[in-house]
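What follows is one structure encoded as structure tokens, with my remarks underneath.
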Amino acid sequence: MPLNDDYVVDILLESGLINRAQVEEAREKAGGGNVSEALVQMALVSHEDISRTLAANSGMEFVSLAQITVPPNITGILTPIDARRYQAIPIAERDDALTIAIADPMAFETFDSLSFLLKRQVEFVCTTPEQLEQALNQYYGPADGETAPGEGFDLGTDDTGEGDAPIIKMVTTLLLEAYKIRASDIHLEPLERSFRVRFRIDGVLQEMPSPPKKLQAAIISRLKIMTGTMSIAEKRLPQDGRIQVKIGKNSIDLRVSTIPTVHGESVVMRILDKSSLVLGLPDLGFLSDDQQKFEQLITLPDGIVLVTGPTGSGKTTTLYACLNVINKPDRKLITVEDPVEYQMSGINQVQVNAEIGMTFPAALRSMLRQAPNIIMIGEIRDAETASIAINAALTGHLVLSTLHTNDAPSAIPRLIDIGVQPFLVSSSVRATMAQRLVRKLCPKCKAPSELTEYEMQTLGLEASQMSSASIMKAVGCDACRGRGYKGRMGIFEIFTIDDEVRHMINNNASTIALRQRARELGMRTLREDGVRKILAGLTTADEVITSTMTDLA
């Protein structure tokens, strides 16, 4: 299989051999064809430049086959049929290690298959496709219709012995690629005839090149081994684990979850990049007025501040950003989480473990004896947790936590529904904030646009509001890999509790009544905050409309 053209171009750009202007020129010249080949025709790079760069990126040595002569006893290790089938040629032998030249440094199935076939240690080096073809003709004779690479050889799916090295390299490359393109999740999904790989990028799942189905079990076993806690023998029950890796200077955690399906174990890995710990409130998407309001709330001496929204709306990231803002030497901060996603300097973090009795309530009761100033609870899930959180707030602690509700006012009835008395809610909760995530337009390729009549009507916009607007659309470029979006930001609605709201809570006011009062107090809805970011050219109408379908405003 030829290398992915986009991947080759990305590697050449990163190496500095070409620039983006040259890529665009080559893309026009290619007319929908192979861009890297167009770059060669334009004499901007050579085939050897490409092969050397790809080899270096994969940690492989580059070898010029035109400058070496291979003894017949070495080339004879592979039959002509196998050499053509795998597009590979043995070039050296030292002790028990065999060196084999290939043209595709990403040919993971070839690595694994040859290691298994030869039953010995194999070191792979890279050469150009042209030099490889010339060498195959020189040492094995012209091609005569043998089978294509990878066909006709069935690698045992449960063998993880001498063929492990290519699997290790394949898994490493998978993790590096996911990190490089800023994926938040990796999904490995066993289907009937394939092993599908998808990355979640800016909240959207995108299908990636998939490894052969026959390598499914070996890849999953490798990931389980990397966690150090998951059993490779257990394939009938769900398992959870954690992988820690270093990429350059960055430390990355991956939360690994497996679940058995009818076609094998499905794996999801959540990528936790510790560089996000330095996020400030502006990085989350707050505009200046909302940022000022929220900063005032999280620096209160006591009370509860709740962040609400569905799973995947960025609540936990917002809480960590809050901790980053208020983490001072004169304050003691304790968190109780399930699980602890990021380890933060200067903060006491407690991991929930229900199997040994370390539940949210148990951890909270112990935390209060540690005399903290600020408590962060990963999620309020039940009446007991809520009750302890409220008692902490009423005894002089600031409590930050999350709830699963659609909007900010709904958090109040939700607390009452799980068993908290209304007077306790009214006296402890200082504010609730709902949030969603929308994709940000790529700053390098976004282009001026206009809203359609449907978008104007749906967003509640008037023509008079367009005079100073900066409406932009997604285009797509190399920087955003053709998607038109790069990164995500939050849209928010902040509901502050005043005396009248407290009176309403004590009288069991409905969510609709609370929302109406919130609007009277000046609360912007999620959609209204999204509109501000559309008008500022930060995101698109489609993103905001899709993310706020349940907005009641």
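Taken over segment 295-332, the criterion of being basic (K, R) and open to solvent by 50 Å² or more (accessible area, probe 1.4 Å) is satisfied by K328, R331, K332.
Yes or no, residue by residue, for (1) within 30 Å of Y320 (Cβ to Cβ); (2) surrounded by fewer than 15 Cβ atoms within 10 Å (Cβ to Cβ); (3) β-branched (V, I, T):
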| position | (1), (2), (3) |
| --- | --- |
| E177 | yes, no, no |
| P190 | no, no, no |
| S194 | no, yes, no |
| L205 | yes, yes, no |
| L223 | yes, no, no |
| Q244 | yes, yes, no |
| D253 | yes, no, no |
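Among the helices (runs of 4 or more DSSP H) confined wholly to segment 1-113, which include 2 or more residues that are within 16 Å of Q138 (Cα to Cα) and charged (D, E, K, R)? Before you say what the answer is, go through the steps one by one.
On the way: elements: 5-15, 20-30, 35-41, 47-57, 72-75, 80-86.
By residue number, 80-86.
Looking only at segment 285-343, residues that are closer than 20 Å to P361 by Cβ and free of Cβ contacts under 8 Å to residues at least 12 places away in the same chain come to 1 in all. If I filter segment 213-228 for residues that are modelled with pLDDT under 90, of a type in the set (D, E, K, R) and part of a loop (DSSP other than H, G, I, E, B), do I get at least one hit? There is no residue in segment 213-228 that is modelled with pLDDT under 90, of a type in the set (D, E, K, R) and part of a loop (DSSP other than H, G, I, E, B). Of the residues in segment 358-373, at least one is in a loop (DSSP other than H, G, I, E, B), touching a residue at least 40 places away in the same chain (Cβ under 8 Å) and either touching a helix residue (DSSP H, G or I) at 6+ places or on another chain (Cβ under 6 Å) or not acidic (D, E) (or both).
Taking residues in segment 113-125 that are open to solvent by 50 Å² or more (accessible area, probe 1.4 Å), and partners anywhere that are among the β-branched types (V, I, T) and at pLDDT 85 or above, the pairs with Cβ atoms closer than 7 Å and at least 6 places apart or on different chains are E123/T99.
Among residues belonging to segment 99-112 that are open to solvent by 10 Å² or more (accessible area, probe 1.4 Å) and small (G, A, S), point out the one that is modelled with the highest pLDDT. Once the filter is applied, the top-ranked residue is A103. Cβ-Cβ distances below 8 Å connect the following pairs, each with a first residue in segment 212-228 that is closer than 19 Å to M106 by Cβ, a second residue that is open to solvent by 20 Å² or more (accessible area, probe 1.4 Å) and hydroxyl-bearing (S, T, Y), and a separation of six or more residues or different chains: K213/S194; K214/T157; L215/T157; Q216/T157; A218/T157; A218/T160; R222/T160. Among the residues making up segment 404-443, those that are within 27 Å of T546 (Cβ to Cβ), open to solvent by less than 20 Å² (accessible area, probe 1.4 Å) and aliphatic (A, V, I, L, M) are A408, A411, I412, A431, M433, A434, V438, L441. Taken over segment 510-534, the criterion of being more than 12 Å from A408 (Cβ to Cβ) and either under 28 Å from the mean Cα position of the chain (by Cα) or surrounded by 20 or more Cβ atoms within 10 Å (Cβ to Cβ) (or both) is satisfied by R527, E528, G530, V531, R532, K533, I534. Counting only helices (runs of 4 or more DSSP H) that sit completely within segment 443-553, those holding 1 or more residues that are basic (K, R) and farther than 30 Å from S426 by Cβ correspond to 526-535.
For M472, are the conditions met, namely being under 18 Å from G285 (Cβ atoms), at pLDDT 90 or above, open to solvent by 30 Å² or more (accessible area, probe 1.4 Å) and not β-branched (V, I, T)? Talk me through it step by step, then tell me what you get.
On the way: under 18 Å from G285 (Cβ atoms): yes; at pLDDT 90 or above: yes; open to solvent by 30 Å² or more (accessible area, probe 1.4 Å): yes; not β-branched (V, I, T): yes.
Yes; evaluated as a whole, the condition is true for this residue.
All of (1) basic (K, R); (2) at pLDDT 90 or above; (3) in contact with a strand residue (DSSP E or B) (Cβ under 7 Å, 6 or more places away or on another chain) hold for R242 with one exception: (2). Condition first: of a type in the set (S, T, Y), more than 15 Å from C126 (Cα to Cα) and open to solvent by less than 60 Å² (accessible area, probe 1.4 Å). Now tell me which residues in segment 49-77 satisfy that. If the condition is that a residue be of a type in the set (S, T, Y), more than 15 Å from C126 (Cα to Cα) and open to solvent by less than 60 Å² (accessible area, probe 1.4 Å), then T75 is the only one that fits.
Of the residues making up segment 486-509, those that are open to solvent by 20 Å² or more (accessible area, probe 1.4 Å) and either charged (D, E, K, R) or within 20 Å of the chain's Cα centre (by Cα) (or both) are K486, R488, D498, D499, E500, R502.
The values are calculated or read from the model by the stated rules, or taken from the named source; none is laboratory data. Everything numeric here is computed off the predicted structure, so don't read it as measured data. Glycine gets a Cβ as well: all are built from the backbone with ideal geometry, and neighbour counts include every protein chain shown. For the accessible areas, the whole protein counts, side chains as well, though only heavy atoms, and no ligand, DNA or RNA atoms are used. Shrake-Rupley method; radii C 1.70, N 1.55, O 1.52, S 1.80 Å.
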